[in-house]
Amino acid sequence: MKTPLPDYLEEAMLDCADGGAVADYIPELAEVDPDQFGIAICTPDGTQYASGDADVEFSIQSASKPFAYALAVEQRGAAGVEEHVNVEPSGDPFNSASVDELDGRPDNPMINIGAITTYALTTPDDWSAAERFEHVRAGMSAFAGRELEVDADVYHSEIATSYRNMSLAYLVRSTGHFTLEPSEVVAGYTRQCAIRVTARDLSVMGMTLGSGGVNPITGERVVSEETAQRVLSVMSTCGMYNASGDWMTDVGIPAKSGVGGGIFGVLPGQVGAATFSPRLDRFGNSVRGVRLFERLSRDMGMHIMGVPPAGDGVVHTFRLADDSRGEHVLVALQGALRFAQTERALRTFEDIPVDGRDVVIDLSRVSSADGVGLRMLTEGVRRLGLDGHRVDLHDPKDVLQQR
């Protein structure tokens, strides 16, 4: 059978109405096709699902901030970074001069003034500007699992109008929270924002954070588990600017947006998801991206406050059996069935040959199932039937009657 997840993603996209406008204050971004729309999700074992314009490249913009912050924490330690950049929500727009009244520290690394400071902290001060940017580019590439490059046109378009960011950099430099030349820092930060990614890349980058710093595709440890946890914590309170409170209440997924139209979100241990749509709302977040994440959270039970940690080894048995039922395919599941576990079970169903054999699905070892897991399992059983299999559900605990 074919797993229903790609069909669901396509349907969910169709349900997200348009609105908003592209970021026309950056000349190059004003020229992008406003109707592009894509989504990608990545699971802990590196499986990916995508729909729409998920492979279209766009500039990462502020969605780069969590990854640069991770690199800075790896370089200087959490305390070393927090000495210069706080982790408190600002409640202000992304380009505000939000600093502590007493010591001048930027409020957090997800707004521009904090991200500019963070970029300066990604390497030792005595590294050259070229070495510093290459370190950041290579680090972000490790998060993505492929080599990422800068969109030169976007960079030149942004740097030509970077007066606000330059003023923020000079403000921080005046308080001593970095010691580099402000113009050098702004140039490097602007290049960081101009790196090209796809929604598929962002889903992998997010899942790397959600897997404790290990890239699910390459298996490479990019940052420590402690750093990944810290980054996700800051994203949960500061990632969507002055809409962060509404986002965490309504969506409940640590996330970061960028004015290039990208949003990525992470449900630790379960899924990294990313959307791309250039039309923005008044906060600088993708309109259709926000709506699509709201639907994902609602439909797939992804609110972080409502889903316990994922378990391991949902498929206990998958083999050809021959007993009193005759020759059949036996699939025995175990543990708790939620999104991540049931998605893995559906992929096992995909591996069943379409040859008319009976299929026995044994749920005797399943301890519980939430509404999402039950809907996904029921749809998988239905599709096995459409493939010509007679499906026998062994459900002694009445798992399917829980909801």
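A few points about this structure:
- For region 372-389, a tally of residues being assigned to a helix (DSSP H, G or I) and either among the aromatic types (Phe, Trp, Tyr) or over 23 Å from the mean Cα position of the chain (by Cα) (or both) returns 12.
This table checks each residue for (1) under 23 Å from VAL290 (Cβ atoms); (2) at pLDDT below 90; (3) not aliphatic (A, V, I, L, M).
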site	(1), (2), (3)
ALA40	yes, no, no
SER51	yes, no, yes
GLN61	yes, no, yes
GLU83	no, no, yes
PRO106	no, no, yes
ILE111	yes, no, no
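- Of residues in region 100-111 being in contact with a Gly (Cβ under 9 Å, 6 or more places away or on another chain) and buried (at least 18 other Cβ atoms within 10 Å of the Cβ), the one nearest to ASP151 (Cα to Cα): MET110
- Qualifying residue in region 118-133 (condition: touching an Asp or Glu at 6+ places or on another chain (Cβ under 6 Å) and farther than 23 Å from THR237 by Cβ): yes
- Condition met for LEU330 (closer than 20 Å to THR43 by Cβ and at pLDDT 90 or above): no
- One residue stands out among those in region 66-82 that are over 18 Å from THR237 (Cα atoms) and free of Cβ contacts under 8 Å to residues at least 40 places away in the same chain: the one that is least open to solvent (accessible area, probe 1.4 Å), which is GLY77.
- Candidates ALA138, ALA129, ALA79, ALA160 - the one that is farther than 22 Å from ALA255 by Cβ, among the small types (Gly, Ala, Ser) and within 21 Å of the chain's Cα centre (by Cα): ALA138
- Restricted to region 357-380, and to residues there that are small (Gly, Ala, Ser) and open to solvent by less than 40 Å² (accessible area, probe 1.4 Å), the residue that is farthest from PRO44 (Cα to Cα) is SER364.
- Look at (1) open to solvent by 70 Å² or more (accessible area, probe 1.4 Å); (2) in contact (Cβ under 8 Å) with a residue 24 or more places away in the chain; (3) in a loop (DSSP other than H, G, I, E, B) and you find that GLU147 fails only one, number (2).
- Qualifying residue in region 37-48 (condition: among the hydroxyl-bearing types (Ser, Thr, Tyr), in contact (Cβ under 8 Å) with a residue 60 or more places away in the chain and over 30 Å from GLN341 (Cα atoms)): no
- Look at region 160-172: where a residue is touching a residue at least 24 places away in the same chain (Cβ under 8 Å) and open to solvent by 10 Å² or more (accessible area, probe 1.4 Å) and a partner is assigned to a helix (DSSP H, G or I) and of a type in the set (Val, Ile, Thr), sitting 6+ places away or on another chain with Cβ atoms under 8 Å, you get SER162/VAL186; SER162/THR190; ASN165/ILE116; ASN165/VAL186; ASN165/THR190; LEU171/ILE113.
- Restricting GLU88, GLU57, GLU10, GLU28 to residues that are open to solvent by 60 Å² or more (accessible area, probe 1.4 Å), among the acidic types (Asp, Glu), at pLDDT 85 or above and within 22 Å of ILE116 (Cβ to Cβ) narrows the list to GLU88.
- Residue pairs meeting the criteria (Cβ under 9 Å; at least 6 apart or on separate chains; first farther than 20 Å from VAL85 by Cα, in region 117-133; second part of a loop (DSSP other than H, G, I, E, B) and of a type in the set (A, V, I, L, M, F, W, C)): ALA129/LEU180
- Within region 382-402, tally of residues that are closer than 28 Å to GLY306 by Cα and surrounded by 17 or more Cβ atoms within 10 Å (Cβ to Cβ): 1
- Qualifying residue in region 219-238 (condition: among the aliphatic types (A, V, I, L, M) and part of a loop (DSSP other than H, G, I, E, B)): yes
- Those strands (runs of 3 or more DSSP E) lying entirely in region 257-332 with at least 3 residues surrounded by fewer than 22 Cβ atoms within 10 Å (Cβ to Cβ) and not basic (Lys, Arg): 315-323
- Of the residues in region 333-354, at least one is assigned to a loop (DSSP other than H, G, I, E, B) and open to solvent by less than 40 Å² (accessible area, probe 1.4 Å).
The values are calculated or read from the model by the stated rules, or taken from the named source; none is laboratory data. Keep in mind that this is a model prediction, so the values were computed, not measured. Cβ atoms come from the backbone with ideal geometry, glycine included; neighbour counts cover every protein chain shown. Each accessible area value is taken on the protein alone, full model and side chains, heavy atoms only, with ligands, DNA and RNA left out. Shrake-Rupley method; radii C 1.70, N 1.55, O 1.52, S 1.80 Å.
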